[in-house]
Every structure is written in C-alpha cells, then in structure tokens.
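The values are calculated or read from the model by the stated rules, or taken from the named source; none is laboratory data. No experiment lies behind these values; they were computed from the predicted model shown. Neighbour counts are summed over all protein chains in view; Cβ atoms, including those assigned to glycine, are modelled from backbone coordinates with ideal geometry. For the accessible areas, the whole protein counts, side chains as well, though only heavy atoms, and no ligand, DNA or RNA atoms are used. Shrake-Rupley method; radii C 1.70, N 1.55, O 1.52, S 1.80 Å.
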Number of protein chains: 2
Amino acid sequence: MSEPRWLTPDQAEVWAKYRRLRRELQRAQDQQLQQDSGLSAADYALLAPLSESADGVLRARELGAEVGWERSRLSHQISRMEKRGLVTREACADDARGSMVRLTEKGREAIEAAAPAHADNVRRLVFDPLTPDEMRVFGDVLDRILGAVERNAG
Amino acid sequence: MSEPRWLTPDQAEVWAKYRRLRRELQRAQDQQLQQDSGLSAADYALLAPLSESADGVLRARELGAEVGWERSRLSHQISRMEKRGLVTREACADDARGSMVRLTEKGREAIEAAAPAHADNVRRLVFDPLTPDEMRVFGDVLDRILGAVERNAG
DNA sequence: ACCAGGTTGTTGACATGTCACCGACTTCGT
DNA sequence: ACGAAGTCGGTGACATGTCAACAACCTGGT
C-alpha cells in the first residue's frame, strides 16, 4: 500500500489488449446489430431474455437480474423501447410495487430476425479463432477474474 | 448463411461470462477511480497517455489514436475536461487544422495521484488470480480474437 | 497555380448510462 | 395491528457516447 506495485511489461501489454478487445468487439457487435436489424446492443440485451421467458413476460426485477443492470438504467431503457413499440409495461398482480415487461409482436419479430446473425457474428469473431484448449483456459481465466472482482465488491 | 449455426452450450456459457466480466470489471474500476481520485474512466484514459508524452502535450489526432476513440468522442471529452481545468487546448503549429491538448498542473496532479491505486486495482483483480500459464494463454486468446475482429472490420 | 478529394476538429441532436431521490408498497419484529 | 426498515420502480439532472453535418485546411494530380 505504501509502496505501489506497478504492472509488469507483460501485464501492461495484456491489459492494453483487453481494453482494445473490449472496445473493438463492442463496436463490431453494435454495428452488426444496428445494420442487420435496427436494434441497439441495449435493445438486444433486454429482448433476448424476454423472448426466452414464458409468454414473453418478465417482472422488471427478474429482467434486471438477468442482464445485471441497475433499476434506473433498466427503467430508462424500457421507456425508450416502449416508445418504439418493442415492449409494453403491465401492472404486477403479486406485488403492487412491481411492474411486468411484455414483449410485443413487433419486439418478438425483431429479436427473432436479429438473433441468428448475432449468434453467427459472436461465433465467427470469438470462438472460431480459438482452439478447444484455448477456449477452456479462457473460461477458467474469466472465472478467476470474476471471482476476484466479486470478492472485491463484497 | 442459409442455416444459422448457434453457439454450443459451452460457448454460450463462456460468452455470458465474458459479458459479465466486462460489466463487473468496468464497474469496479469506475468506482475505484471515482472514489479515490474523483476521475472518471474517460478522464483517466486521456490523462494517462498525456502524462507519458513529452511536456504533457499531444496532438488531438495522436491522442485519439492512442486511446482508439473517434474524433467526436474525443472532442467532447476534452471539452468537459477543459471545463474542469484538467487540460487546455492550443493551436497546432505544423497544421492549422490541428489542435494540441496540454495537461495542466492540476491534470498532472490528478493522474499522478490516481495512477498507483488504479494500477494496484488492475493487478489485484486481473493478474493476481492468474497463473503464469493462464496469463500467457489469455494473451494469446486476446490476440486471436482481436485478429478476427480486425479482419472483420477490414 | 489550381481545385477535387481527403483530413482534422468541432458542433448539435440525440441515445445511453449514472446518480440522488422519491413515492408506493411489502416485510418483519413487536 | 402497528411502525420502522427494506424493496421496487420511476424520474430529473447530468455525464458520456454516437451520428451526421460542417468549416477549415492540407495534398496530390494536372
């Protein structure tokens, strides 16, 4: 603590690569989604769990947990998507505080049209370049770092 | 193309982990930076290359290339940082279109105060959990995916 | 010298994300 | 039954990122 340990040159290089990948991969995905289907990554993130749920309805709390978003962010995004007719809001029968988010027909068409090309893009850019061994270790690496981040957040 | 290939369950799991890591790690870094030094990740991203350059001055074009940002994003962020006294803008002697970005004394103090804790955080969350082998493979994985993304962007 | 085409930086409009806060409701201990 | 504390979703203000368009400038071929 009194004596800061800097990153080694190898570590700095890997860290720079990670930041670059995060940026470039995000950009590639945003572009592909926007061009092929007119959806943003935020749209897709919410439509995907909705389309996989029973009747295309999820409680906002559940949807937020699925995607790992804060309530405020989720609420804003739902408002924007509601305005474009992708989802609707409904009252929650069990809990008068709650609100349910329902996929519209238009929303279902949008996600079903977008999903194949999106999956293909992920597979092509992320997984096709990796050997089975690399993919296994990659998964382990993600687990270890995630563990550290979550212990950190407490 | 006519027949979409979906992700295998293993791939879907790794992909979900990647997205989660991207989100959680970003959040951890934002919080740490903001709390310890009052800087945002965007501030830090620009201050770091500036502080390492001769005299703390870089042409906007160079700074943009360093961080991989578009011109518009860079210009907006510089405006915000200028307003807070972290950097100043100057005319470019070589090229009348250009503009130079100069670190202020306040900007240098901010980055120098923030850097050790930031580096420590990266090391602790990302590299300490990895074995040397894992880190080596991780670097290879990033290279391969980056290669695919860049071939994709053309 | 000239000008068509590329480069550089900025701007305004808009989309997205964060923060602090609120109002309504539920939960839980008493 | 009651109230304190927690949960849930929403809102407004603001920070950040994207996009299209623009003005000014440089560059290269002619």
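Per residue, what accessible area does chain B have, given a 1.4 Å probe and all protein chains present, in Å²? Provide the component values of the computation, followed by the final result.
Numbers: 8540 Å² over 154 residues.
On a per-residue basis, 55 Å².
Please check which bits of region A:14-45 a label hung off A:A113 would reach, taking the label as a point 7 Å along Cα-to-C-beta and the cut-off as backbone N under 18 Å.
It comes to A:30-45, nothing else.
Using alpha carbon centroids, what distance separates region B:59-125 and region A:95-145, in Å?
Value for the Cα centre distance between the two parts: 34 Å.
Eigenvalues of the Cα gyration tensor times 5, then square-rooted: what semi-axes does that give for chain B, in whole angstrom, largest first? All intermediate terms of the calculation are to be shown ahead of the outcome.
Details: eigenvalues 231, 96, 40 Å².
Listed largest to smallest, the semi-axes of chain B are 34, 22, 14 Å.
Please find, in a Gaussian network model of chain B (springs between Cα atoms separated by less than 10 Å), the residue of B:R144, B:R136, B:R89 whose mean-square fluctuation is greatest.
Sorting by GNM fluctuation, first place goes to B:R144.
What FRET efficiency comes out for the pair B:S99/B:D143, r = Cβ-Cβ distance, R0 = 41 Å, nearest 0.05? Numbers along the way, then the final one.
Numbers: r = 34 Å, r/R0 = 0.83.
After rounding to 0.05, the efficiency reads 0.75.
May I ask which residue of A:P132, A:Q29, A:V122 lies farthest towards the positive end of the charge dipole of chain A, with charges of +1 (Lys, Arg) and -1 (Asp, Glu) on Cβ and the Cα centre as origin?
It is A:Q29, whose Cα lies furthest towards the positive end.
What residues from region A:69-94 fall in the zone where the backbone N is under 13 Å from a label point 7 Å along the Cα-to-C-beta line of B:R23?
In region A:69-94, the label zone of B:R23 (backbone N under 13 Å from the point 7 Å along Cα→Cβ) covers A:69-75.
Once you keep just the Cα pairs under 8 angstrom separated by 6 or more residues, what percentage relative contact order results for region A:37-153?
After rounding, I find 25 percent.
On a straight-distance basis, which lysines could pair with B:K17 in a cross-link, Cα separation under 28 angstrom, same-chain partners fewer than 8 positions away excluded?
Filter leaves A:K17.
Starting from the Cα of A:E70, step 7 Å toward the Cβ, then list every residue of region A:10-48 with an amide N under 18 Å from that point.
Hits in region A:10-48 for A:E70 at 18 Å: A:42.
Mind listing the long-range amide H neighbours of A:R59? Cut-off is under 5 Å, sequence gap 5 or more, other chains count too, H placed in the peptide plane at 1.01 Å from N.
Long-range HN contacts for A:R59: A:V101.
Could you work out the Kirkwood radius for the protein assembly as shown, taking every pair of different alpha carbons, averaging 1/r and inverting it, reported in Å? Intermediate values should be presented prior to the final figure.
Values: mean 1/r = 0.0461 Å⁻¹.
Kirkwood radius, the protein assembly as shown: 21.7 Å.
With runs of 4+ DSSP H residues as the only contributors, calculate the mean residue ellipticity of chain A at 222 nm using -39,500 (n - 2.57) per run, divided by the residue total and rounded to the nearest 500. Present the calculation step by step, with values, prior to reporting the outcome.
Working: 6 runs with 102 residues, N = 154.
Computed mean residue ellipticity for chain A: -22000 deg cm²/dmol.
GluC sites (Glu not before Pro) within region B:14-117: which are DSSP loop residues with at most 11 other Cβ atoms inside 10 Å?
On the way: sites: B:E24, B:E52, B:E62, B:E66, B:E70, B:E82, B:E90, B:E105, B:E109, B:E112; in loops: B:E70.
Of the GluC sites (Glu not before Pro), the ones in loops of region B:14-117 whose Cβ has at most 11 other Cβ atoms within 10 Å are B:E70.
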